[in-house]
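Notes follow the structure.
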Amino acid sequence: MSNHAFLSASSSRRWLACPPSAKLCELFNDSSSTYAQEGTDCHALCAYLVEKELGINTRDPTENLTYYSMEMQDCAEEYRNYILERYEEVKKLCKDPKVYVEQRLDFSKWVKDGFGTGDCIIVADNLLQIIDYKHGVGILVEAEHNTQLMCYGLGALESFGSLYDINEIQMTIFQPRRSNISSFSMTKDELLSWAEDTLKPTAKLAYEGHGDYSAGDHCRFCKAKGVCRERANYNLELAKYDFKQPPTLDELEIASLLSQIDELTSWANDVKDYAIKKAMEGTHFEGFKLVEGKSNRKYVNEENVADVVSRAGFDPYEKKVLGITAMTKLLGKKKFEELLGSLVYKPQGKPTLVPESDKREEMNAMNDFKKEKIL
Ligand code: SF4
């Protein structure tokens with residue numbers, strides 16, 4: 001059985017927004033990253049810790065994990081503790097709740113051949129909980145209307161809906177490296193209506209390769225992102241801002257550009273990455289050539305360097321306190337807090353303009369800058 005669904009839950013945000021992207025992505029190879037492998041390792045550890053705690057006969061995967069670290073261990077333990085807390089809570093309301101780990105969830109009733117793997121499902125009377133572990137730090141993942149979790153919710157309803165009287169589906173993202181626990185609830189009726197009215201018809205379009213291409217921030221998860229014409233048109237349209245008159249931009253025009261600049265930059269980088277990859281494979285782009293970028297001198301062998309310098313009567317080493325990430329890895333999160341909690345501070349971050357929907361508190365620009373000057 002294939003591990004990969006053509007219309008997977010994890011890519012659902014993309015194919016729901018741009019249905020023909022599913023077929024287009026099939027033309028590109030999968031490229032697995034270090035980050036993805038690190039995430040897979042941590043998922044294996046999370047599953048093991050939860051199963052062990054639940055008394056399930058399971059094998060410790062640690063020795064086979066390429067990216068195992070103390071930080072990974074801490075994250076997986078936090079996740080296990082969170083699952084156990086949720087389980088204990090639900091036990092107060094239901095006599096026989098069940099926890100399922102790495103559960104295959106089939107939502108093919110709405111999405112042809114659709115299935116996925118839920119990290120943790122807690123089933124009880126009235127409440128179905130879907131908990132998804134995210135190891136990444138780059139993107140903060142929210143549970144609200146998260147279509148991956150909603151697909152899992154449907155799969156879990158299919159499996160357990162006849163055994164328990166479920167009315168509420170609670171979906172949670174557990175992302176410890178961003179200190180993010182994000183939950184979102186829907187009633188069973190709301191979820192099923194979405195499945196019938198939105199998911200099912202859009203999945204049909206996607207499966208058949210129909211529907212309209214539509215660019216947006218979901219493009220960053222698309223394998224075609226570097227060469228997609230729709231995305232190029234969308235971004236070139238943004239770049240073609242009407243600068244005719246007057247000669248300088250006003251605040252409204254700048255605000256409009258600001259809202260588009262991140263997408264524009266990310267598209268430009270994707271096109272560049274794609275072109276470099278193709279050029280390395282031999283493709284010639286008219287007017288361009290491949291050259292070596294700048295590089296810095298490096299030692300051929302550090303041990304030999306240290307040896308030669310020591311013999312010449314000098315100390316080749318510098319002593320530095322480990323950085324916070326390395327120190328956290330060395331001590332583990334708990335010990336780090338215990339020993340160094342009061343010796344760590346967070347300097348003020350560089351001012352950044354973000355959309356008003358961003359959850360961070362607004363800076364009082366004038367006052368904050370004045371304060372900085374006085375200091
Ligand atoms: S890059 Fe964006 S617009 Fe193009 S196929 Fe992918 S998701 Fe659709």
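The values are calculated or read from the model by the stated rules, or taken from the named source; none is laboratory data. Predicted, not measured: the structure shown is a model, and the values here were computed from it. Here the Cβ positions follow ideal geometry from the backbone for every residue, glycine too, while neighbour counts run over all protein chains shown. For accessibility, only protein heavy atoms count, side chains too; no ligands or nucleic acids. Shrake-Rupley method; radii C 1.70, N 1.55, O 1.52, S 1.80 Å.
Here Gly293 fulfils each of the conditions (1) closer than 26 Å to Ser33 by Cα; (2) at pLDDT below 90; (3) within 11 Å of the ligand (Cβ to nearest atom); (4) open to solvent by less than 80 Å² (accessible area, probe 1.4 Å) apart from (3). Say whether the condition of being over 18 Å from Glu190 (Cα atoms) and part of a strand (DSSP E or B) is met by at least one residue in the stretch 138-159. No, the stretch 138-159 contains no residue that is over 18 Å from Glu190 (Cα atoms) and part of a strand (DSSP E or B). Residue count for the stretch 217-241 under the criterion of being at pLDDT 90 or above, under 30 Å from Ser108 (Cα atoms) and more than 7 Å from the ligand (Cβ to nearest atom): the result is 1.
For residues in the stretch 10-27 being more than 11 Å from the ligand (Cβ to nearest atom) and either small (Gly, Ala, Ser) or closer than 17 Å to Pro61 by Cα (or both), which is surrounded by the most Cβ atoms within 10 Å (Cβ to Cβ)? Checking each candidate, the answer is Ser12. Scan the stretch 11-27 for residues that are among the hydroxyl-bearing types (Ser, Thr, Tyr) and over 19 Å from the mean Cα position of the chain (by Cα) and jot them down. Once the filter is applied, which keeps residues that are among the hydroxyl-bearing types (Ser, Thr, Tyr) and over 19 Å from the mean Cα position of the chain (by Cα), the stretch 11-27 yields only Ser21. In the stretch 58-73, the residues that are assigned to a loop (DSSP other than H, G, I, E, B) form Cβ pairs under 6 Å with partners that are small (Gly, Ala, Ser) and at pLDDT 95 or above, at six or more places apart or across chains, as follows: Pro61/Ala44. Of all residue pairs spaced 6 or more apart or on separate chains, those with beta-carbon atoms under 6 Å, a first member in the stretch 316-337 that is closer than 17 Å to Met72 by Cβ and a second member that is among the hydrophobic types (A, V, I, L, M, F, W, C) are Thr328/Phe336; Lys329/Met70; Gly332/Met70. Each residue in the stretch 302-313 was checked for being surrounded by 10 or more Cβ atoms within 10 Å (Cβ to Cβ) and either part of a loop (DSSP other than H, G, I, E, B) or of a type in the set (Asp, Glu) (or both), and 2 pass.
Number of residues in the stretch 113-150 that are open to solvent by 10 Å² or more (accessible area, probe 1.4 Å) and among the aromatic types (Phe, Trp, Tyr): the value is 1. Looking at Asp60, Asp30, Asp96, just one residue is loosely packed, with under 13 Cβ neighbours inside 10 Å, under 24 Å from Thr147 (Cβ atoms) and out of contact with any Lys or Arg (no Cβ under 6 Å at 6 or more places or on another chain), and that residue is Asp30.
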